[in-house]
Amino acid sequence: MQYRREIDGLRAIAVIPVIFFHSGIEQFSGGFVGVDVFFVISGYLISSIILGDIAANQFSMRRFYFRRARRILPALYLVMLVCLPVSWFLMAPHQAKDLSQSVAAATVFLSNLFFYIETDYFHPFADTSPLLHTWSLAIEEQFYIVFPLFALLMLRLSRNTLVWATAILLLLSLGLSEWAWRTDPVANFYLTPTRAWELLAGVSCTLYLHSTSRDKSDLLATIGLILVLLAFFLIDEDTPFPSIIAVVPVFGTVLIILYAERTTLVGRLLSLPMFVGIGLVSYSAYLWHQPLLAFARIMTQGELSSLTVALCLLTTGILSVASWRYVERPFRRNLIPGPLVVIIFGLSASLLVGVGYWGHKSIGWQAYKLARLPAHTREFVINRDHQAEIRGPIWDTLNERAEVPFDTIGTGKRVLIMGDSVGTDLYVAMTIEQPKLHQNIDLRVIEMDDKCMAELTQFWESASQPSLRCNRSIANISNSELLAYSEIVVLAVAWQAPFIRDVTVLVESLRAQGKDVMVVGATNFNEMTSMSLELAERGITPNLAGSYFYSNLRWDWRRNSIDLRNLIMQMPGVRFYDRTEIFCDLEAETCQLFGENGVPFIYDTEHLTETGARFVAERIDALGWFKEEHDE
């Protein structure tokens with residue numbers, strides 16, 4: 001296809017706002033929309049190459065994929081290979097573990113799925129993830145794999161079939177996006193089915209230009225540029241996105257591609273050497289800027305100063321030009337022989353996946369980092385196994401009464417906790433201090449996780465056979481009198497996204513049996529050993545690290561709890577309690593995870609120590625979880 005300087009200029013218009021948005025420059029509230037502009041450009045360029053080669057009867061699937069690999073992989077692999085050793089020195093083990101996982105995911109083109117599971121793009125602490133931006137590369141890579149096959153299959157039928165199929169898929173993807181931002185906005189943001197329409201908009205440009213002579217229009221090209229620029233400044237993280245609103249920058253980009261011929265005002269503007277130069281290095285700039293900003297935030301533990309941002313941007317520019325000149329160009333211009341390229345890619349991918357797996361299994365090389373600490377500092381690092389051993393006998397003793405029959409003669413409220421290990425921890429917390437707290441509660445617990453709760457509802461409603469994993473817990477509750485004699489049922493598990501919607505059916509079933517129902521949301525932090533190791537390295541006392549602990553709340557778990565709360569709040573008479581509020585002041589953005597004696601409340605990511613159980617008991621009493629019942 002013919003080279004268009006204005007397209008490189010458009011790349012510059014796309015990448016600059018993205019970098020400024022990640023830099024925290026508030027004026028570019030919609031800078032992330034630059035990625036959507038890139039998607040349209042990619043759809044246009046890739047389909048132009050493929051359809052042009054097919055028309056010339058010289059398309060080769062093998063050559064296409066190899067050219068894409070030469071274009072994408074060298075700079076991407078270089079950035080990831082640099083990030084791994086840097087993480088050893090700058091990151092806490094849990095952060096290095098997350099980075100290792102994201103490296104492996106990016107290497108196999110699945111980082112959008114990884115970040116969908118792990119991180120909300122707009123979460124306040126997502127900006128410390130060095131490879132967060134690779135989600136968009138994964139979408140493009142997935143598109144590159146599928147679209148050539150789709151195009152060849154449709155063209156076997158006819159060109160019109162390809163046109164109509166593209167149009168139908170574009171509308172279906174846009175419709176799915178408009179639906180998904182209401183039901184699962186994180187999936188809507190990250191996943192390919194809700195982003196495909198933006199790439200297909202670029203394909204539509206190619207199909208249109210292949211069917212007619214190219215026109216130019218100053219007016220339409222100018223309107224397109226205005227639409228794109230408006231999106232950068234008017235859209236923000238509170239805007240449902242992508243959605244029908246994303247049509248504004250996408251349609252603007254389409255108008256520029258179709259009508260900004262070099263002789264138009266917009267074409268001349270985008271063809272200026274400054275914009276073309278930035279566009280040429282835009283891929284490298286996109287790759288380098290996020291790791292630099294993320295590592296800077298980790299080093300400073302706070303908002304970046306204007307000077308730090310300026311240094312990061314300057315370094316991004318220098319590294320971008322260098323990697324474009326000495327990494328991208330040699331591979332793209334075939335200066336390196338094909339067989340050697342295959343070897344380099346194979347070894348690099350194997351190394352990245354291997355080191356990524358090692359970082360995952362070793363929890364970010366935690367043992368190695370612990371071993372290098374001075375002996376007097378090492379004692380402040382939480383020993384997970386030691387804390388588990390301390391709590392073991394206490395939990396065993398208290399759990400002996402967990403499933404004995406209720407005292408039906410007594411006056412205490414009969415409360416049954418249904419839950420997994422989180423529910424058991426809640427039971428222990430409320431019984432360990434029962435002589436002085438919660439005296440009017442007769443408490444029992446039956447172990448059951450959220451998956452088995454979903455199966456329990458099906459078992460009650462249709463007598464369906466439980467799975468082998470859930471058969472025992474469902475049999476226990478079916479054969480036990482605890483549920484029958486209970487007055488209040490508390491559901492407390494480590495809620496997982498696939499089963500959250502099933503909880504409403506279970507709640508309704510319990511209420512139909514005359515039970516008052518309470519639902520307790522889960523909370524989860526990054527690994528305590530890793531966090532305490534990082535604090536020890538920095539010489540920070542845990543009691544003074546409230547904001548640090550808040551920043552280490554696991555957002556994927558927090559998101560599940562918020563989704564659960566939103567569901568439960570729609571059910572009159574059912575109460576929801578947020579376990580996060582036991583440990584954290586969400587308005588002040590601080591969390592307490594250690595007692596005054598320096599003993600942690602949690603020993604892994606969520607399970608309580610003895611000290612933690614006593615703290616939770618006092619907090620539940622202070623928050624009045626059961627006091628409403630007592631006042632009736």
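The values are calculated or read from the model by the stated rules, or taken from the named source; none is laboratory data. As the structure is a prediction and not an experimental result, all values here were calculated from the model. Heads up, the Cβs are rebuilt from the backbone with ideal geometry, glycines too, and the neighbour counts pull from every protein chain shown. Heads up: the accessible areas ignore ligands, DNA and RNA and are worked out on the full protein's heavy atoms, side chains in. Shrake-Rupley method; radii C 1.70, N 1.55, O 1.52, S 1.80 Å.
Out of curiosity, is L174 open to solvent by 50 Å² or more (accessible area, probe 1.4 Å), in a helix (DSSP H, G or I), of a type outside the set (S, T, N, Q) and within 28 Å of C205 (Cα to Cα)?
Numbers: open to solvent by 50 Å² or more (accessible area, probe 1.4 Å): no; in a helix (DSSP H, G or I): yes; of a type outside the set (S, T, N, Q): yes; within 28 Å of C205 (Cα to Cα): yes.
No.
I want to confirm something. Restricting to the stretch 406-423 and keeping residues that are open to solvent by 10 Å² or more (accessible area, probe 1.4 Å) and modelled with pLDDT of 80 or more, which single residue is farthest from R614 (Cα to Cα)? Lay out the reasoning, then the answer.
Step one: of the stretch 406-423, the residues open to solvent by 10 Å² or more (accessible area, probe 1.4 Å) are 406-414, 420-421.
After this cut, where a residue has to be modelled with pLDDT of 80 or more as well, the list is 406, 413-414, 420-421.
Working: F406: 24, K413: 21, R414: 21, D420: 19, S421: 17 Å.
Only one residue tops the list, namely F406.
Among the helices (runs of 4 or more DSSP H) confined to the stretch 407-526, the ones with at least 2 residues that are within 30 Å of D184 (Cα to Cα) and aromatic (F, W, Y) are located at 450-462.
For (1) over 16 Å from I7 (Cα atoms); (2) at pLDDT 95 or above; (3) polar (S, T, N, Q); (4) surrounded by fewer than 19 Cβ atoms within 10 Å (Cβ to Cβ), each residue gets a yes or a no:
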residue: L191; (1), (2), (3), (4): yes, yes, no, no
residue: A196; (1), (2), (3), (4): yes, yes, no, no
residue: A201; (1), (2), (3), (4): no, yes, no, no
residue: S213; (1), (2), (3), (4): yes, no, yes, yes
residue: L225; (1), (2), (3), (4): no, yes, no, no
residue: L230; (1), (2), (3), (4): yes, yes, no, yes
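Taking into account only those residues within the stretch 452-507 that are under 30 Å from T119 (Cα atoms) and polar (S, T, N, Q), which is surrounded by the fewest Cβ atoms within 10 Å (Cβ to Cβ)? Restricting to residues being under 30 Å from T119 (Cα atoms) and polar (S, T, N, Q), the top hit is Q496. Only a single item in (1) open to solvent by 30 Å² or more (accessible area, probe 1.4 Å); (2) within 30 Å of P337 (Cβ to Cβ); (3) among the hydrophobic types (A, V, I, L, M, F, W, C) is not met by F21, and it is number (2).
Looking at A92, A138, which one is among the aliphatic types (A, V, I, L, M) and within 20 Å of Y548 (Cβ to Cβ)? Even if it seems obvious, please write down each step before you answer.
Numbers: A138 fails: within 20 Å of Y548 (Cβ to Cβ).
Answer to the selection: A92.
Checked against the criterion of being within 32 Å of the chain's Cα centre (by Cα) and of a type in the set (K, R), the stretch 203-224 contains not a single residue that satisfies it.
S547 satisfies every condition listed in (1) open to solvent by 20 Å² or more (accessible area, probe 1.4 Å); (2) among the polar types (S, T, N, Q); (3) within 26 Å of Y368 (Cα to Cα) except (3).
Every condition in (1) under 25 Å from S111 (Cβ atoms); (2) out of contact with any Lys or Arg (no Cβ under 9 Å at 6 or more places or on another chain) is met by I168 except one, and the failing one is (1). Only a single item in (1) open to solvent by 20 Å² or more (accessible area, probe 1.4 Å); (2) in contact with a Phe, Trp or Tyr (Cβ under 6 Å, 6 or more places away or on another chain) is not met by G31, and it is number (1). The set of residues from the stretch 42-75 being of a type outside the set (G, A, S), surrounded by fewer than 17 Cβ atoms within 10 Å (Cβ to Cβ) and not in a helix (DSSP H, G or I) comprises N57, Q58. The set of residues in the stretch 574-614 being in contact (Cβ under 8 Å) with a residue 40 or more places away in the chain, open to solvent by 20 Å² or more (accessible area, probe 1.4 Å) and in a helix (DSSP H, G or I) consists of E581, E610, R614.
In contact (Cβ under 8 Å) with a residue 40 or more places away in the chain, open to solvent by 50 Å² or more (accessible area, probe 1.4 Å) and either closer than 30 Å to A296 by Cα or among the aromatic types (F, W, Y) (or both), is that true of F39? Reasoning before the result, please.
Working: in contact (Cβ under 8 Å) with a residue 40 or more places away in the chain: yes; open to solvent by 50 Å² or more (accessible area, probe 1.4 Å): no; either closer than 30 Å to A296 by Cα or among the aromatic types (F, W, Y) (or both): yes.
So F39 does not fit the description; no.
So which residues in the stretch 128-142 are surrounded by fewer than 22 Cβ atoms within 10 Å (Cβ to Cβ) and in contact with a Lys or Arg (Cβ under 8 Å, 6 or more places away or on another chain)? Scanning the stretch 128-142 gives a single hit, T128. Here E610 clears all of (1) more than 30 Å from L506 (Cβ to Cβ); (2) of a type in the set (D, E); (3) under 25 Å from the mean Cα position of the chain (by Cα) except the condition numbered (3).
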